[in-house]
Every structure is written in C-alpha cells, then in structure tokens.
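Chemist: I have a structure here, written as structure tokens, and I will follow up with some questions on it.
Throughout, read-outs are computed from the coordinates displayed, never taken from laboratory work. In this text the structure is predicted, and so the values were computed from the model without any measurement. When we count neighbours, we look across all protein chains shown, and the Cβ atoms used for this are built from the backbone with ideal geometry, even at glycine.
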Amino acid sequence: MINGSIAIRYATALFEEAKAQFIDQQIYEHLGMLYTSMMAEPDLQMALINPRVSIEKKYSLLLLASGLDPDATTLYTRFLRLLLENHRESQLRIIIFVYREMYRELHGIDHVVFETAVPVDDNTVEHLIEHIKAHRHREVECERKVNPRLIGGFRLRIGDRHYDYSYRHQLEKIRKELCPTP
C-alpha cells in the first residue's frame, strides 16, 4: 500500500468522526494552524521525522503548533497520539491536505491562493474575494503569498485553475515570441 493511501485513510477516519461529533470545523481550524506552523517553521517537520525525538516531545510540539493547551483531551489530541504511536508523523502534511479538501468540499468553500510581488492591502483582497464569490457562488478562503520573483502583477489559483497575470509570465511570453526555440 502506498503512503498516500494510508494518509487518506487517516484523514477520512478523522473527518468522518469529526462530522459525527459536529466538530469538523474545530478540527479544520486546528489542522489549519498546524499547517501554517509547519510551513513557517521547517524545523518542526524535521523534528517530527527525527527518530531521536520522543513521541511525547513530538506530541507537545504538535499541540503547541496547533494552538492547543497541553492538557487538552479531544478527538484531535487523541488523533495526534494515534498518529505518533503508529509512526505516521511523516504523513501529517498529506493528512492535513486531504482533511481540509474534504471539509471544503462538504461546506462549499473554494480555496484561493493570491500571489503577488508585494504585499497587497486588505481592501484589494476583499474586492477579489467578493468578485470570486459572485461568479462561483461559493464561500472563499483566501491564502495570500508574496513572491518578489513575479516582479509585478499577480497569480491566482482557484482549486485546480491557475491564472498568471504576473509581469514575469508576460516577459516570458514575449521572450518566447522573440526567440522561439527550434
């Protein structure tokens, strides 16, 4: 069995139980915070896959990264313990991704990634979100990214659709037109 299917099984089990307990949104938020922490702190991912770091230390790190009290006992904390006891911590990012996709699908939420060369003000982002909502008739969850390599303009990803209006992309198109490769 490939690792991805193990992660899917864990995510599905967590999602189904969270729905049954009416806490799927709470789990979604904890996993979102954990994912954000993992992206911001690559050392967290390294600690999770390090065999020299104890299960208890990993558990404490996961609780901290999820924004939870060390004494919390919930479906989420039981899930984290199960994951660690079965040595599946290397699957955590996939589990988070799958759970969050299932949640978004159930609740009609589009995950949008808005990537710009420089930070953009909140009004611009709100305008973009309202525009997307009006056209797609779904809720929108917007993730902002700053990527100076774009030079200017923006990239937008809505689900599996990609729109590239960056200056970098436009310059690349011009270069290809001027210097076609044989």
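Chemist: What share of the DSSP beta bridges in the stretch 110-178 is antiparallel, in percent to the nearest 5?
Modeler: Just about 55 percent of them are antiparallel.
Chemist: Once the Cα gyration tensor of the chain is found, what semi-axes does its equivalent ellipsoid get, as square roots of 5 times the eigenvalues, in whole Å, sorted largest first?
Modeler: 35, 21, 16
Chemist: Also: To check you understand DSSP bridge types, tell me what percent of the beta bridges within the chain (both residues inside) are antiparallel, rounded to 5.
Modeler: DSSP beta bridges in the chain are roughly 55 percent antiparallel.
Chemist: How about the stretch 15-111: which chymotrypsin sites (Phe, Trp or Tyr not before Pro) there are in a DSSP loop, with at most 11 other Cβ atoms within 10 Å of their Cβ?
Modeler: PHE22
Chemist: Same structure, new question: Starting from the amide H of VAL140, placed 1.01 Å from N in the peptide plane, find each other amide H under 5 Å away whose residue is 5 or more places distant or on another chain.
Modeler: For VAL140, the qualifying residues are ASP110.
Chemist: Once both labels are modelled 7 Å past Cα along the beta-carbon direction, what's the THR73-VAL53 spacing in nm?
Modeler: 2.6 nm
Chemist: Another one. Which percent of Cα-Cα pairs in the stretch 3-104 sits in each 10 Å bin, short to long?
Modeler: Final binned percentages: 16, 54, 29, 2.
Chemist: Run the quick spin-label model on LYS19 and HIS131: label points 7 Å from Cα toward the beta carbon, then report their separation in nm to one decimal.
Modeler: 3.4 nm
Chemist: In whole percent, what relative contact order does the stretch 3-104 give with Cα contacts below 8 Å and a gap of six or more residues?
Modeler: 48 percent
Chemist: Give the separation of the Cα centroids, the stretch 20-85 to the stretch 105-174, in Å.
Modeler: 29 Å
Chemist: Angle check, please: helix 3-20 long axis (alpha carbons) against the longest principal axis of the chain (alpha carbons), in degrees 0 to 90, nearest 10.
Modeler: 70 degrees
Chemist: Say we join alpha carbon atoms closer than 10 Å with springs in a Gaussian network model of the chain; which of VAL140, VAL98, VAL125 then has the biggest fluctuation?
Modeler: Of VAL140, VAL98, VAL125, the Gaussian network model singles out VAL125 as fluctuating most.
Chemist: Let me ask another. Of all the C-alpha pairs in the stretch 91-176, what % are more than 23 Å from each other?
Modeler: Percent of Cα pairs beyond 23 Å in the stretch 91-176: 32.
Chemist: While we're here: In the neighborhood of GLN170, defined by Cβ-to-Cβ distances under 13 Å, what is the net charge if each Lys or Arg adds +1 and each Asp or Glu adds -1?
Modeler: My count for the surroundings of GLN170 gives +2.
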